[in-house]
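So the structure is just underneath, and the comments pick up after that.
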Amino acid sequence: METAPQIWAVGGGKGGVGKSTVSTLLAFWLARMGNDTILMDVDLGGANIHTFMGIKSPPRTLNDFIAKRYDSLEDISIETEVENLRIICGACDILTLANPHVAQKAKIIQNLPKLKAKYIVLDLGAGTSFNVLDFFLVAHRKIIVLTPQPISIQNAYAFVRNAVYRRLSRLSSQRPYLQALVRTAMDTNNELRVKTIRDLYQVIEDSQGKDVMNDLEYEIDKIRPQVITNMITNPKDKNAGRVIQLVAEKYLMIHPTNLGGVVFDRQLNNVITEMTPLTTLVKSSEAFASVYDLVMKLI
Amino acid sequence: MNGQSENQVNVVKSIIEGSTTIESIDEFKNILQTAHDDPALLRIYADLLVQKGVYEDAANMYREAVEHFVASGMMLPAIFCKIQEWSNIRSSDRECRAIYSGLRDIETDEIAVYNFFARMTYSELFAVMGELEPIHVQAGVLVKKPEDPEKDICFVVSGVLSETTYQGSEEEEGGVKKVTENLTENHFLGDIYPFEEERSASSVVEAITDVEALTISKADLVRVCRKYPNVEFLTMELSDTRSASGGRRTYQQIRASTRYQLQTKVTLKIFPDEEGTSALVLNGFTEDISLGGSCIRLGEKYWTGSLTEMVGKDVKILITVPKVSAGIDAMGKIAWKREVSYEGRKTVLIGVQFKEMTKDNFEFLKRHSYVGDGEQDMIYSLWESYVKS
């Protein structure tokens, strides 16, 4: 019997931290381990995964699916040189899909489980727009990529924070008063003086009752981001994930995992700049080896 | 590493981090077979043995943990375990001499707390250790608030506390500034010297994670110092490491400005130096924005050209923001530019410093910070402690 694919989403807020690189390497190893894998570029404002796989001009993209030129996501998937690995390219036309309508995004999300693969790796775009967050929240594995610089850690944290509030907002969509509370709390200088999710839960318990609060807490606790620090150049760098862990535990009451790091690999950087397929590096790249270890932890 | 040993490593890690609790001695023994020299694991096992009432085995396990902590150069966890060992079985003089020698051999690396202990004589060290009390503080507990009397010194063994002080006054230029610092392992708190002064706390200290610490009361320390004057000298030196930085620690600085992410479309109008030349209009996306300025990634097609000449030019910036129909506009100056590789493509980042902005726009940016001050401060202080080389 066929089972629905497991979805891994790779996000992180800031551009340039290596989300696409990490996504590609994760998908590569999943495929190399014998799993049917699809790497899907949902960076709808700046699709580039195809170039990482050495495809200059993809014959089919998500745009074709949205425009109903193809009936299913399966139909727009493209075989790659790596056995068991297919890709679904993002829309290259920024203007068309950078801000897809709700219905278009929903169409993509609803069709993900229909893909015939064991794993789907979603490469999310930069930023924390609802479009990006909704893809993140729908995934079974919610992976955050950051680099050890403080601004990157802050952006990654902002991404997680927004994901938590987005989920809270969705969960409270049928209760206008509750949703208003959530929206108020999201403003960091709100008049309710809510600084943490714990404070928010208290306000909700006081106004809506303990059962409502418990239900929300249960759902939010399911958001368990797994943090990968990319471009590590010294051993302390991989503690960047620990920073997210501690801040999220205190302020968001969720429990991220600090998965580990990917070492900075100059070779990889050069290959990306030259637009050579990343997968040609497999035997000599330290970054590939790092990602192998991460995949072993994730499967 | 094969899958099984990988799993075992993960189990060990999760036990040490506290996310997994092992209740069975036999199960723990099995796990120890793969990590028998990990002092943190040995210590947790010893705690379990105490819970189960197997005190002699617990003392042996604490002793083993002490040896490994000393070998790893971790002074405070070693002292912590030694005291736990003593609460079960007293050590022989020979064992005490061995730990004394081991602690003195640890590289102090200018760590004030290490210097405090490592420079004591044998008798002094054990007099102080005899008064130290291990404590456990749960995450979220308020440890200290302003005006609380300072009555002990607390050495942080593990975990993270935040210490918030308010500096300056309303009358001064700049007003009251809130400064938050993190206290992690090898830091200490407690402002009790000179002993004859009755001091009170000037900060709020809160446990961010579960914390283990060793405390010694002022009364007990005074008693030890009467017998061993060198300990008072070392206490004074330890105290000076705080006052040298105006009562604050030297390891931590918190950034002042708020910077937050608002990735959105932006249009730049760069004004020419010479009259009669038309302004250059560029498009791009913001990477991040602070109240002081913005980092902007220019659209790909603009990456070539005479960008060097841009630096220093006045610019009008229009940022598209969904909730503000007219967008946010500001006058500024291009402060820097950098050519970067952005996910495989060459592009240009420029930094714009804001010079003028309407009050409404300023308030909008301020209110829509995606990360609150507390979170931001915590990120930066943890980064200083955990990541910065």
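Pick out which of A:PRO150, A:PRO225, A:PRO277 has the largest mean-square fluctuation in a Gaussian network model of chain A, springs linking Cα atoms closer than 10 Å.
A:PRO150
Quick one: order B:SER239, A:SER173 by neighbouring beta-carbon count within 10 Å, fewest to most.
A:SER173, B:SER239
What FRET efficiency comes out for the pair B:ILE135/B:SER92, r = Cβ-Cβ distance, R0 = 30 Å, nearest 0.05?
0.65
Could you list which residues have their amide H under 5 Å from that of B:VAL160, counting only those 5 or more apart in sequence or on another chain, with H placed in the peptide plane?
Distant-sequence amide H within range of B:VAL160: B:ILE208, B:THR209.
Measuring from label point to label point, each 7 Å out along Cα→Cβ, what is the B:ARG119 to A:GLN110 span in nm?
7.3 nm
What ranking of B:MET357, A:MET40, A:MET53 emerges when the number of other C-beta atoms within 10 Å of each C-beta is taken as an exposure proxy, fewest first? Walk me through the intermediate numbers first.
Numbers: B:MET357 18, A:MET40 29, A:MET53 23.
Ranking B:MET357, A:MET40, A:MET53 by Cβ neighbours within 10 Å, fewest first, gives B:MET357, A:MET53, A:MET40.
Work out from phi, with θ = phi - 60° and the Karplus expression 6.51 cos²θ - 1.76 cosθ + 1.60, the ³J(HN,Hα) of each residue of region B:147-152, listed in order in whole Hz, and give x for Gly and Pro.
Once rounded to whole Hz, the list reads 6, 5, x, 7, 10, 7.
Which shape class applies to region B:3-107: rounded if a/c is under 1.5, otherwise prolate when a/b exceeds b/c and oblate if not, where a ≥ b ≥ c are the square roots of the Cα gyration tensor eigenvalues?
oblate
Give B:LYS82/B:LYS145; B:LYS265/B:LYS316; A:LYS118/A:LYS238 a once-over and call out the pairs whose C-alpha atoms are over 25 Å from each other.
B:LYS82/B:LYS145; A:LYS118/A:LYS238
Write out the trypsin sites (Lys or Arg not before Pro) in region A:140-240 meeting two conditions: DSSP loop, and at most 15 other Cβ atoms within 10 Å of their Cβ.
A:ARG193, A:LYS222
Let me know the longest stretch in chain A that avoids all GluC sites (Glu not before Pro) found in a DSSP loop with at most 11 other C-beta atoms within 10 Å.
Values: sites that count: A:GLU2, A:GLU81, A:GLU83, A:GLU191.
Between the exposed loop sites, the longest stretch runs A:192-299.
Determine, for B:ILE83, A:ILE7, A:ILE38, the number of other Cβ atoms within 10 Å of each Cβ, and report the residues in order from fewest to most.
Going from least to most buried by this count: B:ILE83, A:ILE7, A:ILE38.
Amide H neighbours of A:ILE232 under 5 Å, at least 5 residues apart or on other chains, H built in the peptide plane: list them.
A:VAL262, A:VAL263, A:PHE264
How many partner chain Cβ atoms sit within 10 Å of a residue's Cβ in peptide A:154-160, on average, as a whole number?
Numbers: counts 12, 8, 2, 7, 10, 2, 0.
Mean shielding count: 6.
Determine, from the Cβ-Cβ distance of B:GLU107 and B:LEU280 and an R0 of 41 Å, the FRET efficiency 1/(1 + (r/R0)^6), rounded to the nearest 0.05.
Result of the calculation: an efficiency of 0.10.
Give the residue list of GluC sites (Glu not before Pro) in region B:11-89 that are DSSP loop and have at most 11 other beta-carbon atoms within 10 angstrom.
Qualifying residues, ordered by number: B:GLU23.
Tilt of helix A:150-171 relative to the longest C-alpha principal axis of chain A, in degrees (0 to 90, nearest 10)?
60 degrees
If you stretched the chain out fully between B:LYS52 and B:LYS333, how much longer would it get, using 0.36 nm times the residue separation minus the C-alpha to C-alpha distance?
Gain in length upon complete extension: 94.3 nm.
Quick one: Karplus J couplings for region B:229-240, per residue in order, coefficients 6.51, -1.76, 1.60, θ = phi - 60°, nearest Hz, x for Gly and Pro?
Ordered by residue, 3J(HN,Hα) equals x, 4, 5, 5, 4, 5, 5, 4, 4, 4, 4, 5 Hz.
Where Lys and Arg each count +1 and Asp and Glu each count -1, what net charge lies around A:PHE135 among other residues with Cβ under 15 Å from its Cβ?
+4
Helix A:102-111 versus the longest principal axis of chain A: what angle, 0 to 90°, nearest 10, using Cα atoms?
Taking Cα atoms only, the helix is inclined about 60 degrees.
Report, to the nearest 10°, how far helix A:197-208 tilts away from the longest principal axis of the Cα atoms in chain A, using its own Cα long axis and a range of 0 to 90°.
For helix A:197-208, the angle is close to 50 degrees.
Amide H to amide H, which residues 5 or more places from A:GLY54 or on other chains are under 5 Å from it, using H placed in the peptide plane?
It is A:LEU278, by chain and number.
All of the numbers you see were taken from the coordinates with simple rules; none came from a lab. Here the structure is a predicted model, which is why all the values come from computation and not from measurement. FYI the Cβ positions are ideal-geometry reconstructions off the backbone, even for glycines, and counts take in every protein chain you see.
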